[in-house]
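> Quick one: the structure is below, questions incoming.
The values are calculated or read from the model by the stated rules, or taken from the named source; none is laboratory data. Here the structure is a predicted model, which is why all the values come from computation and not from measurement. Ideal geometry is used to build each Cβ from the backbone, glycine not excepted, and the neighbour counts take in all protein chains shown. Note: accessible area is taken over every heavy atom of the protein model, side chains too, but ligands, DNA and RNA are not part of it. Shrake-Rupley method; radii C 1.70, N 1.55, O 1.52, S 1.80 Å.
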Amino acid sequence: MEPENKISTAAAEPQETEEFDDHHRKVGVARFFEILGRDLWPFYKSSILCVLGFAPGYAALLLSTMAGSLPLCLLSGAVGGMIAAPFLCGLYDTILRSLRDEPCYWWHTYRMAWKQNWKDSLLPGALTGLLLGMWVFLLYTLPDMENVPTAVWVCVVLTVLIILAVSTYAFAQIVLVSVPLPRLIKNSALFCIGFLPRTLIAVGVQAVYWGVTLLWMPYTLVLLFVTGFWFPATVSLLAIYPGLDKAFHLENTLNQRRDEEIAAVMQEHENQ
């Protein structure tokens with residue numbers, strides 16, 4: 001069964017239609033600054049909402065680790081992940097529309113993304129939060145233990161990198177297509193391996209950014225409200241987007257739907 005594609009042109013602003021062609025697009029750093037110059041404000045607004053969405057889970061995890069309670073950490077992570085997931089999907093939807101060069105009214109498409117994706121994001125959000133809650137508890141308790149083997153620390157680092165990689169692909173898929181959770185996880189794992197160089201870029205940027213941000217908290221609070229979630233999310237999605245487009249034929253679908261809309265409008269005018 002083919003996944004149902006969620007991308008839509010319903011909220012596009014009226015303007016002359018352009019055919020998507022990667023051969024005419026900038027790449028790499030130039031592409032990053034191109035979309036940033038055009039869509040920074042929508043990115044920033046989505047990012048601020050994402051910060052607010054993640055704040056309850058972060059606060060609960062912080063209190064849980066200070067209390068030294070693993071069950072409380074797991075509960076905080078799961079509930080916090082469910083709260084934060086729709087906000088992350090809203091940010092991803094905003095960025096992915098920009099990567100498709102799709103003009104839109106931001107607030108309308110953001111609300112549409114919430115309505116479309118919040119139910120699908122709850123379970124993946126809870127699962128991701130649960131795993132992160134366990135990881136945070138281990139990270140908090142291991143330094144107090146004696147003679148912790150190096151292999152354990154290596155596993156801790158690899159675990160969070162895997163969580164970042166799989167969750168990035170998973171939430172991008174939630175925004176773009178409709179697939180059941182087992183297939184969502186399977187696809188994410190296959191994408192991680194199949195597009196490994198791009199996966200390493202996406203994960204590397206997130207690991208460095210969030211590592212520095214959390215390590216120097218609360219001094220990085222100002223940074224969080226400036227670059228917030230939009231910076232690592234934009235770089236990561238820019239890196240993995242070609243793989244997602246290749247797997248799901250996203251832009252071909254969008255072009256086809258735009259052609260159908262134009263044909264329908266022309267037919268309506270002819271009938272009048």
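> Inspect all residues belonging to segment 163-176 and state whether any of them is open to solvent by 30 Å² or more (accessible area, probe 1.4 Å) and modelled with pLDDT of 95 or more.
Yes, segment 163-176 contains a residue that is open to solvent by 30 Å² or more (accessible area, probe 1.4 Å) and modelled with pLDDT of 95 or more.
> Considering every residue within segment 223-239, establish whether at least one is modelled with pLDDT of 95 or more, more than 22 Å from Arg100 (Cβ to Cβ) and among the β-branched types (Val, Ile, Thr).
There is no residue in segment 223-239 that is modelled with pLDDT of 95 or more, more than 22 Å from Arg100 (Cβ to Cβ) and among the β-branched types (Val, Ile, Thr).
> Out of all the residues in segment 71-87, is one or more farther than 13 Å from Gly129 by Cβ, in a helix (DSSP H, G or I), in contact (Cβ under 8 Å) with a residue 60 or more places away in the chain and of a type in the set (A, V, I, L, M, F, W, C)?
No.
> Being part of a helix (DSSP H, G or I) and farther than 30 Å from Arg31 by Cα is true for just one of Gly53, Gly57. Which residue is that?
Exactly one of Gly53, Gly57 is part of a helix (DSSP H, G or I) and farther than 30 Å from Arg31 by Cα, namely Gly57.
> A further question on this structure: Being without any contact (Cβ under 8 Å) to a residue 60 or more places away in the chain and hydroxyl-bearing (Ser, Thr, Tyr) is the filter here, so list the residues in segment 121-156 that pass it.
Ser121, Thr128, Thr150
> In this structure, does Thr213 turn out to be in contact with a Leu (Cβ under 7 Å, 6 or more places away or on another chain), modelled with pLDDT under 95, on the phi < 0 side of the Ramachandran plot and not hydrophobic (A, V, I, L, M, F, W, C)?
Yes.
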